[in-house]
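Scroll down for the structure; my scribbles are underneath it.
Derivation of every value follows stated rules applied to the coordinates shown; laboratory data play no part. Model, not experiment: these values are computed from the prediction.
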Amino acid sequence: MNIITSNNIHHMTILTALNYPAVLVTSSLFDSQVQYYEPAKYTPKLREYSTSGNPVLMKMNLIGGHGGKSGRLNQMEETAEEYGFLLNLLQE
């Protein structure tokens, strides 16, 4: 299984038409490590190459940085959104 991470976003040509799993791509607008446009380019490219019909979604945090929003409650909210994505997949 090939895992595509944001570190090799520049090597998008390695994506091939496969049955990719459901993916939730998360990023932050003010991330100092991964620029906002990298996941914004990766998500539609992955949708293009996915033959599975599984959802490929992107959530862009407009406030937080590399670690997401600061504060315990905000981090719990982000975790709950990720769990919601996973639970929704189980219902299908």
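Scaled against 2.2 N^0.38 Å for its residue count N, the alpha carbon radius of gyration of segment 18-91 is 1.18. Whole-Hz Karplus values for segment 72-89 come out as 4, 5, 5, 5, 5, 5, 5, 5, 4, 5, 5, 4, x, 4, 5, 5, 4, 5 Hz, taken residue by residue from phi with 6.51 cos²θ - 1.76 cosθ + 1.60 and θ = phi - 60°; glycine and proline positions read x.
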